[in-house]
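The numbers here are math on the coordinates, done by the rules we state, and not lab data. The structure presented is a predicted model; accordingly, all values stated were derived computationally and were not measured. As a convention, Cβ positions derive from the backbone with ideal geometry for all residues, glycine included, and neighbour counts pool all protein chains shown.
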Amino acid sequence: MPTQVYVSLHTASPGLTGANEVSAGWYAAGGRMQPSGTPKWNAATASGATNNGTITFPAVSGSSVTVTHVGIWDNATVGAGNFLHGIALGGIVLTTSNVLACGGKDKDTTSDQPSGSGSGDSTQS
């Protein structure tokens, strides 16, 4: 397992390769994200790992995008690195100026799905 992992946004299933990563300029400029805490990730257990702090993606500019999955990578740069795992979200529509933020309670493979404002686990603003 790599020592640093990064979270990506996808518009459809990433499959086994990380396909369908958001390609909008606002996303590519910000790159894949990590939690804000130190350390970035809590120690892994048999059921997964949790992020230590909020994972905040850049604000949307231009056309809206529907995010259906997140991915885990070993590289922060969009278009680079090795895809490690994908997680379905169920479809979150982000429109201009929306920000997707996932709180520290989200887990990798057994996550509470990020949803609208007020869920306690994530926000869209």
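For the reader, a short list of remarks on this structure follows.
- Counted by neighbouring Cβ atoms within 10 Å, the residues Val5, Val22, Val99 run from fewest to most as Val99, Val22, Val5.
- For Val22, the residues whose amide H sits under 5 Å from its own are Leu9, His10, Thr11, ignoring neighbours fewer than 5 places away on the same chain, with H placed 1.01 Å from N.
- Annotation: for a label point projected 7 angstrom from Cα along Cα→Cβ of Thr96, residues of the stretch 56-88 with backbone N closer than 14 Å are 60-65.
- Whole-Hz Karplus values for the stretch 21-26 come out as 5, 3, 10, 4, x, 4 Hz, taken residue by residue from phi with 6.51 cos²θ - 1.76 cosθ + 1.60 and θ = phi - 60°; glycine and proline positions read x.
- Around the amide H of Trp41, modelled in the peptide plane, lie the amide H atoms of Asn52, all under 5 Å away and 5 or more residues distant in sequence or on another chain.
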